[in-house]
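Some notes on the structure that comes next.
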Amino acid sequence: MIRRRSGGPARRPAGPAGPISRLVRSVPRPEDFTGPSHSPLVAARLGRWLGVAFGLCFVTGLLSHAVAHPPDWFAWPTRPASLYRVTQGVHVLSGIAAIPLLLAKLWSVYPRLFARPPLRRPARLVGHVLERVSILLLVCAAFFELVTGLFNVAQSYPWRFFFPAAHYAVAWLAVGALLVHVGVKLPVTRAALASRLDQEPVPGRRAFLRTAAGASGVAVLATAGVTVPWLRHVSALAWRSAGGPQGVPVNRTATAAGIVVPADWRLEIVWAGGRRGLGLADLAALPQRTGRLPIACVEGWSAVADWTGVPVVDLLTAVGAPAGRPVRVSSLETAGLYATSTLPAVHVADPLTLLALRVNGEVLQPDHGYPCRIIAPNRPGVLQTKWVTRLEVLG
Ligand SMILES: Nc1nc2c(c(=O)[nH]1)N[C@H]1C(S)=C(S)[C@@H](COP(=O)(O)O)O[C@H]1N2
Ligand SMILES: [Mo]
């Protein structure tokens, strides 16, 4: 609601009555927006919720980045087997929760766009400019993250840049701008949070906040079924379900990846000082193990299945290869990001890291990685390489 002030001479002295000054005077001021949502009390509360959502999203995003591209100092455990499933679910769902909150917050504070810089006090001007620049950066970066994240879960890439690198870099921008923003606003925020919402005689603030929180909750419920099994029937907007061949969704089919399994397919195992080739019958003849493990995609969806195959550690031991080192896994799919993945030594040593031949009691279908694929506990889906053809023990 915009209520125009009468513009009495005490507050806004009348200047010369030219068209420009009339135009300037017609531009509203922040005080002209008197709706219940346009209050620092509301903005601060929305900001606090957004801070929680962005904080969760940022930390889980950093974690996912570190798991996918581990720096030397970083060690990611193999257990709990579903930890990545939880952290990546939190990443995607906290991002979704942030969307209605961000829109509500922008609605709440947009009248501030009309604040005039206090030109007469240069000391304030620096703070004012810093505040404006950090907000512009924050809004742009937050929108970029939320929108590119949404497009990514929808597996749509209508842009030229490489999504993970851009999404990761802009996350730092967003957090930097957020810290500056919180720092600059701290006194206002403190005071606003300390004031009771219903103290001033403006009805509707609570209703606005409740609506924003409700929209955020509905957005999460409508999508959380991608990873929370008991919400599968509630989540109308889930972009993946438990459906799919053999009860597991498929991200890229064998046809899309151009996979043709040669008739004389053999798994090649290579290590310093040796190499062995094993056919599918050889692999099936080795002692098998079944593990109930999730595929947890970076896109937030996850699905649990019973995977059966040869533990990688047993396989290496059986052929006489060292089992305490990282192993590079290569796919029949030779182009692109999914062609190889590297199992860290801790994952190689874990007996639940399987070279899987079967899923849910059946031979793997081509789309799930026939003849064999990697399934390891607590790993992002992108690293669960399908159509494996070679294991190389790294030095
Ligand atoms: N060779 C290869 N392996 C791959 C992929 C791929 O495209 N090619 N997709 C990965 C991704 S992103 C995920 S989430 C899982 C999905 O496995 P699924 O299709 O069996 O569910 O496989 C992973 N392994
Ligand atoms: Mo994935």
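Close amide-amide hydrogen proximity is noted between Val298 and Gly381, Val382, each under 5 Å apart and 5 or more residues distant or on a separate chain (H modeled in the peptide plane; Pro and chain starts excluded). All Cα-Cα distances of segment 177-326, cut into 5 Å bins from zero to the largest, leave 2, 7, 9, 9, 11, 11, 9, 9, 7, 6, 6, 5, 4, 3, 2, 1, 0 percent in each bin in turn.
Placing unit charges on the Cβ atoms only, positive for Lys and Arg and negative for Asp and Glu, gives segment 300-379 a dipole magnitude near 240 debye about its Cα centre. In order along segment 164-173, phi translates into HN-Hα couplings of x, 5, 5, 4, 6, 5, 5, 4, 5, 4 Hz, rounded to whole numbers, per the Karplus curve 6.51 cos²θ - 1.76 cosθ + 1.60 with θ = phi - 60° and x for Gly and Pro.
Projecting label points 7 angstrom from Cα along Cα→Cβ for Tyr157 and Leu106 puts them 2.6 nm apart.
Using the Karplus relation 6.51 cos²θ - 1.76 cosθ + 1.60 with θ = phi - 60°, the per-residue 3J(HN,Hα) values for segment 274-291 come to x, 7, 9, x, 10, x, 4, 5, 4, 5, 5, 7, 6, x, 9, 9, 10, x Hz, with x marking Gly and Pro.
For segment 209-250, the residues whose backbone nitrogen is under 19 Å from a point 7 Å from the Cα of Asp198, taken along Cα to Cβ, are 209-214. In the elastic network of the chain, a GNM with C-alpha springs shorter than 10 Å, the most mobile of Val304, Val184, Val226 is Val184.
First measure r as the distance between the Cβ atoms of Ala123 and Arg328, then evaluate 1/(1 + (r/R0)^6) with R0 = 45 Å and state the FRET efficiency to the nearest 0.05. Once rounded, the FRET efficiency stands at 0.15.
Computed from Cα atoms, the angle from the helix 205-223 axis to the main principal axis of the chain rounds to 20 degrees.
Put simply, the Cα atoms of segment 191-242 extend 50, 19, 15 Å along their principal axes, the longest span coming first. Note on segment 64-125: Cα Rg divided by 2.2 N^0.38 Å, N the number of residues, gives 2.01.
If the label point is 7 Å along Cα→Cβ of Phe114, which residues in segment 179-218 have backbone nitrogen under 15 Å from it? It comes to no residues whatsoever.
When the convex hull of its Cα atoms is viewed from all sides, the chain shows a mean projected area of 25.3 nm². Calculated mean residue ellipticity at 222 nm for the chain: -14500 deg cm²/dmol, from DSSP H runs with n ≥ 4 weighted as -39500 (n - 2.57), summed, divided by the residue count and rounded to 500. If R0 is 30 Å, the Cβ-Cβ spacing of Thr255 and Val147 corresponds to a FRET efficiency of close to 0.50. The Rg/Rh ratio of segment 247-393, with both radii computed over alpha carbons and Rh defined as the Kirkwood radius, is 0.92. Residues considered: Asp306, Asp282, Asp350. Largest GNM mean-square fluctuation over the chain, using C-alpha springs under 10 Å, is found at Asp282. Comparing Leu102, Leu46, Leu286 in a Gaussian network model of the chain where C-alpha atoms under 10 Å apart are linked, the largest mean-square fluctuation is found at Leu286. Classified by the C-alpha gyration tensor, segment 57-97 has an oblate form. Its axis ratio a/c, with a ≥ b ≥ c, is 1.5 or above, and a/b does not exceed b/c. When Val67, Val182, Val170 are arranged by Cβ crowding within 10 Å, least crowded first, meaning fewest neighbours, the order is Val182, Val170, Val67. The tail of the calculated P(r) for segment 32-231, taken as Cα-Cα distances beyond 25 Å, holds 45 percent of the pairs. Taken about its Cα centre, the chain carries a charge dipole of roughly 2460 debye when the Cβ of each Lys and Arg holds +1 and the Cβ of each Asp and Glu holds -1.
Counting neighbouring Cβ atoms within 10 Å and putting the fewest first, the residues Val133, Val175 line up as Val133, Val175.
Here, each number is a calculation from the coordinates, and none is a lab measurement. Nothing here was measured: the structure is a model prediction, and the numbers come from that model. Note that each Cβ is placed from the backbone with ideal geometry, even for glycine, and that neighbours are counted across all protein chains shown.
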